[in-house]
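Peer 1: One structure follows; several queries about it will come next.
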Amino acid sequence: MTATAKVYLVGAGPGDPELITLKALKALQQAEVVLVDDLVNPALLAHCPQARIVPVGKRGGCKSTPQHFINRMLVALAAQGQTVVRLKGGDPFVFGRGGEEMLALRAANVPYEVIPGLTSGLSACASMEVPVTHRGLNHGVTLITGHTQDGEPLPWAALVATQTTLVVYMGMQHLPEISRGLIQAGMSPEMPCMVVENCTRPQQRAVVSSLQAMPYLAHTQQLKSPAIIVVGEVVTLAKTTQQTQDWQDQLQSWLSVANAA
């Protein structure tokens, strides 16, 4: 391995290309090869015209590049003396498998550096003016994935007991189970809930409702991944747009019909 070989595990931020860090941009500008995820904004690749771009997309429910293949590719490229950027949406160490790639590089004695990025869960909240922590409403935030590797149920009772804001990644396919699991574990059906799709991008959409009603509303509005689910009292502080007001009116109409049935 040459002295110049190095791998950068880089967080690209949540979607808006202006939300990438200066250090991440510097790594892109000196990269020879960039292994890029599906969720990375393509506009960021304009900062590395000199680099070979290798798509290694990983998205839940879709055909993805196997993680072990990505690990081996990083090691092999470094062995060739390449400067490599592994560009990931959000932060590489928040549900991005950056830890697995780091351990593979460490085991192969490959020089590497981790460059953090703004994680999409917190960015989604900020984009809707929702503070994930707010004095008088909560005392913390819990970041969770919407599904487990082995398909086992999430620890609903433990999550409810934290009394923190819950920020759920990769949960849209399991939104009904998430709503039902939290309510059955003791969370109020009226707990404020928000779904933010394509956070920080021009096509961002957001729905605010109760935890109980959110699966219905997200389905009727055809919200899809990538999206972040937020559950907690802080959601009451979300900014109101005409779009969210229209959805709130639709929800109230649906609830009136359901209660009359």
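We did not get these values from a lab; they are worked out from the coordinates using the rules stated. Quantities reported herein were computed from a predicted structural model and do not represent experimental measurements. Heads up, the Cβs are rebuilt from the backbone with ideal geometry, glycines too, and the neighbour counts pull from every protein chain shown.
Peer 1: Residue by residue through region 107-160, note down the ones that are assigned to a loop (DSSP other than H, G, I, E, B) and aliphatic (A, V, I, L, M). I'd like the intermediate steps shown before the answer.
Peer 2: Applying the first criterion (assigned to a loop (DSSP other than H, G, I, E, B)) to region 107-160 yields 108-111, 116-119, 128-140, 146-155.
Correct list: 108, 110, 118, 128, 130, 132, 137, 154.
Peer 1: Checking residue 189 against (1) part of a strand (DSSP E or B); (2) surrounded by fewer than 21 Cβ atoms within 10 Å (Cβ to Cβ), which test does it fail?
Peer 2: Answer for residue 189: the failing condition is (1).
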